[in-house]
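Quick notes on the structure that follows.
The values are calculated or read from the model by the stated rules, or taken from the named source; none is laboratory data. On a predicted model such as this, the values are computed, not experimentally measured, just so you know. Reconstructed Cβ throughout: ideal geometry from the backbone, glycine too, with neighbour counts over all protein chains shown. Side chains are part of the model used for accessible areas, which takes the heavy atoms of the whole protein and leaves out ligands, DNA and RNA. Shrake-Rupley method; radii C 1.70, N 1.55, O 1.52, S 1.80 Å.
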2 protein chains.
Amino acid sequence: VSGPAPRGPAGPRTVKRHNRALILGHLIEAPLTRAQLAQITGLTRATASSLVDELIAGALLVEHAATRGERGRPANPVALNPDGPVGLGVEINVDYISACIVDLTGAVRRHRSVPVDARTVAPEAGLALAAGLAVDVLAEAAGLGLRAHGAGLALPGIVDAGGLLRRAPNLPEWHDLAVGTRFGALMAEHGLPLVTVENEANLAALAELWFGAGRRHDFVRVSAEIGVGAGVVLGAELFRGVRGYAGELGHVVVDPDGPRCACGNRGCLEPLAGQDALLAATGLTDSDALVARAAAGDRRTLAAIEAAGQALGVALAGVINLIDVPEVVLGGLYARLEPWLRAPIEVELAARVLSRPWAPLTVSASALSADAAVRGAAGAVVQQVLRPTVH
Amino acid sequence: VSGPAPRGPAGPRTVKRHNRALILGHLIEAPLTRAQLAQITGLTRATASSLVDELIAGALLVEHAATRGERGRPANPVALNPDGPVGLGVEINVDYISACIVDLTGAVRRHRSVPVDARTVAPEAGLALAAGLAVDVLAEAAGLGLRAHGAGLALPGIVDAGGLLRRAPNLPEWHDLAVGTRFGALMAEHGLPLVTVENEANLAALAELWFGAGRRHDFVRVSAEIGVGAGVVLGAELFRGVRGYAGELGHVVVDPDGPRCACGNRGCLEPLAGQDALLAATGLTDSDALVARAAAGDRRTLAAIEAAGQALGVALAGVINLIDVPEVVLGGLYARLEPWLRAPIEVELAARVLSRPWAPLTVSASALSADAAVRGAAGAVVQQVLRPTVH
């Protein structure tokens, strides 16, 4: 109905920030001439032109040659500058560490991933390893003439707004860890601010928003690795909840008499539909084998996937009844299992979502590969360049 | 991390609307002098003073006499005007219709409620009855010199953003009904715009935000009447979900082997913790008796309340794991049962909410009586006067 009272006074600087973000927002979609920008944004041509000039001077935009000659005023399209400031993304996960460079246009310019069993590495050493990989990738970027604006870090656990890693269920040693401060110090040695430290499922959801197919603005992205992670995007923003702990889909109750969960309770989704549950039910040891067996039509594998899909469907019906989000995106292992997982999920959604008869729902597989989280971490830096806080 | 691109250009008018909302927002808290307003808002004294003068001319503010003499410039506090535009709230529920008048200060100036069994009344006749009651209350308000700015309507069902009542589980005849258009036409006959048509649980949650104790900005309000309704407020805004169907807590799965629900499924919260479930489990016929028996320590009643509390706790743990909201407010019958209901809810929350060890949660009873929804409907009108959209 109405929002909270605004916090501070507005003035000319607010207007300029707003209009600058407006121009950059349109250029994320496609290159445009100054005249087109004025028309689309509703700004005067003089204002649009002067903001564009400032953004070119700041290396955020680049001017292209006009595709056909025009008379009078030059009408060269301007576009986001692929050689402007870039974002560094870093991910520490249970069994690998990765880093990548994403430019203003969203392109991945460099990417590296190394297998590391983080369960056997002390947090301090793990952070140092990640920083080392980041420095390698930064050096490669420098070789391309790219300078990073900042870094983002993805972690497989619950991170608060201050960059404190509260708990990483699958990395028992990684808890109550001031990752923001510690990794921030390692990045500061290289002159880079740490823009975000965030749960990997949340950053994967943001990567879906920024780089995924279909220009989705409202969805829940659910993925299975060792645990079950979810990120919710509403109105093109990550839904973090009041204290940043939203989206813990893995621990929503599906069956109070179900198996015991790593969190200490019974009935959570995770032990019913996580990777370990699928492997245990099929007697397999890795997810590649799981996908291969499903593709070969193995009955036991298909039954296990169907049971997981049913549990996922019950949990997702709860999400949709509570949050009313029109799209479910399956990521990670779930994306690979989508051909068999989608039907049982859709059966539960059709039966259990109250608004289902009149509010369409789609379930689809993410087109992003397994690097969604680290791309999201780099993307958060790029977004900070393109969309500094409007208020 | 960052928001969506702004939609239109900003200019001087944006600034003025923003600053006007800023001033009114502070005056909702307490009367202030022009100088205090300038200081708190960061506006110049001249700007603050001129905006205040405009708001006084528009009857939104009223100037009080200074409490003590001051030298130099007058320093009279200004306050929201209780005789300025008021909001009309109307509620159609399963067994009553009510209407009320709320002024800019949030005070209920008139309130009427009449018992009507809406299950036996055709929707068209029900809307006409409600409009008749509204007209009576408007006439009483006119007698006090109060003029309504608009009307808000609360309904016991799922309402979309366009004012279409999709379904009211306990009023089978009330479905696919263009209530916004039809009730809007009835109000237009009296010159009143219909500002909002909204689910009663959502409006009750907004009433909690605007008029409840404790200045809560982030909470889920859950109440039991015949069904179980919930409204979620985040950042002082109603959380409606993408299409307005959020908050359907009553149909979140608590136990897949549980009793059948009115929605057609098994395992929903509603048949485990709604008023009918409590009455059936205790053999009682009304909620007053239920409260009296509980207060008298009747074992069967206490056991039924504990079972309902446990189911509620499982469902609320899911809400908090997904949405991360720090406060649960019990309304309606649940507020009256709070002395017995709170403990079993808290046991489930402590066990099942992943962030529980570091993110405090409180469960409390609403201080608003049964008229929360109709006050919320009137409050939505008042908010439209005080806080017209800032963007």
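Per DSSP helix of 4 or more residues, -39500 (n - 2.57); summed, then divided by the residues of chain A. What does that give at 222 nm, rounded to the nearest 500?
-13000 deg cm²/dmol
Can you tell me which of B:221, B:342, B:299 moves the most in a GNM of chain B? Springs connect C-alpha atoms under 10 Å apart.
B:299
Could you give, in nm with one decimal, how far residue B:285 is from each other copy of that position, shortest first, with labels 7 Å out from Cα toward Cβ?
6.9
With a 1.4 Å probe on protein heavy atoms only, tell me which residues of segment B:307-331 lose at least 40 Å² of accessible surface in the complex relative to the chain by itself.
B:321, B:322, B:323, B:324
Grab the beta carbon distance between residue B:57 and residue A:119, set R0 = 56 Å, and tell me the FRET efficiency rounded to 0.05.
In this case the efficiency is close to 0.25.
In a shell of Cβ-Cβ distance under 13 Å around residue A:79, excluding residue A:79 itself, what net charge do Lys and Arg (+1) and Asp and Glu (-1) give?
-3
Taking a label point 7 Å out from Cα toward Cβ, give me the nm distances from residue A:178 to the same spot in the other copies, shortest first, one decimal.
Inter-copy label distances (nm, one decimal, shortest first): 6.2.
Below 12 angstrom from the Cβ of residue A:349, what's the summed charge of the other residues (Lys, Arg +1; Asp, Glu -1)? Let's see the in-between values first.
Details: positive: A:342, A:352, A:356; negative: A:327, A:346, A:348.
Local charge sum for residue A:349: 0.
Roughly what % of DSSP beta bridges within chain B run antiparallel, to the nearest 5?
Percentage antiparallel, nearest 5: 60.
Quick one: label points 7 angstrom along Cα→Cβ at residue A:214, distances to the other copies in nm, smallest first?
So the label point of residue A:214 gives 3.9 nm to the other copies.
Rounding to the nearest 10 and keeping the result within 0 to 90°, find how far the Cα-based axis of helix A:338-352 lies from the longest principal axis of chain A.
Long axis of A:338-352 versus the principal axis of chain A: about 80 degrees.
May I ask you to order B:226-234, B:191-199 by the average number of other C-beta atoms within 10 Å around their residues, highest value first?
B:226-234, B:191-199
Let me check I've understood the local charge: for residue A:54, count other residues with C-beta under 14 angstrom from its C-beta, Lys and Arg +1, Asp and Glu -1. What total comes out?
Local net charge: +3.
Before I look further, what does segment B:71-139 give for accessible area per residue, probe 1.4 Å, in whole square angstrom?
Value for segment B:71-139: 40 Å² per residue.
Residue B:243 versus residue A:286, label points 7 Å from Cα toward the beta carbon: distance in nm?
Taking the two extended label points, one gets 4.2 nm.
Calculate, for segment A:144-268, the solvent-accessible area per residue in square angstrom, rolling a 1.4 angstrom probe over the heavy atoms of the protein chains.
35 Å²
Across peptide B:347-355, how many C-beta atoms of other chains are within 10 Å of each residue C-beta, on average?
5
Given the options B:33, B:105, B:14, state which has the largest fluctuation in a GNM of chain B using a 10 Å cut-off (strictly under) for Cα springs.
It is B:14.
For chain B, what % of the accessible area comes from carbon and sulfur atoms, probe 1.4 Å?
Carbon and sulfur atoms account for 52 percent of the accessible area of chain B.
With a ≥ b ≥ c taken as the square roots of the eigenvalues of the C-alpha gyration tensor of the protein assembly as shown, please select rounded if a/c is under 1.5 and otherwise prolate if a/b is larger than b/c or oblate if it is not? Walk me through the intermediate numbers first.
Working: a/c = 1.85, a/b = 1.14, b/c = 1.63.
Taking the square roots of the gyration eigenvalues as a ≥ b ≥ c, the protein assembly as shown is oblate.
Any idea of the total accessible area buried by the A-B contact, 1.4 Å probe, rounded to 100 Å²? Intermediate results must be reported in sequence, preceding the final value.
Working: alone 18550 and 18540 Å², together 30820 Å².
That pair of chains buries around 6300 Å² in total.
Could you work out how far helix B:179-188 tilts from the main Cα principal axis of chain B, as a 0 to 90 degree angle to the nearest 10?
Between helix and principal axis, roughly 40 degrees.
Separation of segment B:337-391 and segment B:161-186 by C-alpha centroid, Å?
After rounding, the separation between the Cα centres reads 26 Å.
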